[in-house]
Each structure stands twice: as structure tokens, then as C-alpha cells.
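Below is one structure, written out as C-alpha cells; the observations come after it.
The values are calculated or read from the model by the stated rules, or taken from the named source; none is laboratory data. Just so it is clear, the model here is predicted, and its values are computed rather than measured. All Cβ positions, glycine included, derive from the backbone under ideal geometry; neighbour counts span all protein chains shown. Side chains are part of the model used for accessible areas, which takes the heavy atoms of the whole protein and leaves out ligands, DNA and RNA. Shrake-Rupley method; radii C 1.70, N 1.55, O 1.52, S 1.80 Å.
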Amino acid sequence: MKRIILVLSLTGFFLTAFTNETYEYVTIVDWQFKPIIKVEVNGKSAYFLVDTGSDMTILHQNMANRYDFVPLLTSASQQKALGLSGKVQTIHRVKNVELIIGSTPIKALFKTYDLSGVVSSLRDRVGVRISGIIGSDVMKRYGFIIDYQKQTIAIKTKVKKSNN
């Protein structure tokens, strides 16, 4: 156990000391099943599930009015995917989304579809109502490092300026 903690500590040290990247640390609000973090969607607080198994970042379709985002309903802006229920779902791109994690604005091709099953399951099990899912598209782009021990997620914020 001490070796694992040492390795994690050294990894964090090397990430900040010997690279040109800086990280921001966000607290995991709940992590009984999968990490849930607090974010901002268009200036309003929301909870998102951090799901390494999801290829894309998805906003709950039923929250479009609450968070003022617009699903694009044209056939060119939709795709089919196997949903959590095992059925093929239509997923739409969205516009007018400003997602902020910690103080980091997130740029991505945001998608939307009905997450009601996931939302109610998590609400019943952990008492948190999620409004979306952070997928691996955002996690890869922002270099997410999930630290279950410290209950934090490190997010790459920007490249440090060199002194040359």
C-alpha cells in the first residue's frame, strides 16, 4: 500500500515538475459506484458522472431547458449508438454549451440523449441527480487523472510558458 501511495505521489510530482503542463484538482462529490463531480453548464451548477467507458460527453436531453442548450435535430447532426438499455439510441449534437470543470472551460463536441435511466438509478443509489456524463473524449483531451485515494480528479488546464 505504501508503494502505491509513493508511486501516485511521484507521478503527480513528475507531472507538474518536469512537464510543461499544469493541472487543476477537482473534488469527487461521490464515488460509491463511479466518480461524480460538480460542474457548471451555461453558468448553472450541475453534477456529471465521470465514465471511462463512455466514448462521448453527453448532456441529459431532459435538461435542455434548464441549462439552455439546444439539441440539433437535423439528420446531419445525429448518430446512432448502442444505449445503456441495450437498444440503439439516436444521439444529437448540441449547441450553446459552456461546460466548466473547476475553473477550466471544456471544449468538446457535446451530445445529448435521454439519460433518464442512469439519472434515476444514481439518484436512488447515491442521492445525486446527474445532468450528464463526462466521457473519455474529454478525459483524454484534458489529461484526467482520477485519484480514488484523495477523491480528486486532476485536469490539465494549460501549457506553462517556457522561460526561453
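The table below gives the values:
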{"quantity": "Residue tally, condition in a loop (DSSP other than H, G, I, E, B), open to solvent by less than 10 Å² (accessible area, probe 1.4 Å) and closer than 10 Å to I155 by Cβ, over region 127-144", "calculated": "0"}
{"quantity": "Test: residue in region 138-151 that is touching a Lys or Arg at 6+ places or on another chain (Cβ under 7 Å) and farther than 27 Å from E21 by Cα", "calculated": "no"}
{"quantity": "When residues of region 16-71 are limited to those that are of a type outside the set (A, V, I, L, M, F, W, C), outside any strand (DSSP E or B) and under 14 Å from the mean Cα position of the chain (by Cα), the one modelled with the lowest pLDDT", "calculated": "K34"}
{"quantity": "Unique residue being in contact with a Leu (Cβ under 8 Å, 6 or more places away or on another chain) and surrounded by fewer than 16 Cβ atoms within 10 Å (Cβ to Cβ) when the list is K111, K95, K80", "calculated": "K95"}
{"quantity": "Hits in region 76-112 - residues which are touching a helix residue (DSSP H, G or I) at 6+ places or on another chain (Cβ under 7 Å) and modelled with pLDDT under 90", "calculated": "L84, S85"}
{"quantity": "Flag for V88 being without any contact (Cβ under 8 Å) to a residue 60 or more places away in the chain, more than 19 Å from D137 (Cα to Cα), open to solvent by 50 Å² or more (accessible area, probe 1.4 Å) and of a type outside the set (D, E, K, R)", "calculated": "yes"}
{"quantity": "Region 98-108, subset touching a residue at least 60 places away in the same chain (Cβ under 8 Å) and in a loop (DSSP other than H, G, I, E, B), residue most open to solvent (accessible area, probe 1.4 Å)", "calculated": "S103"}
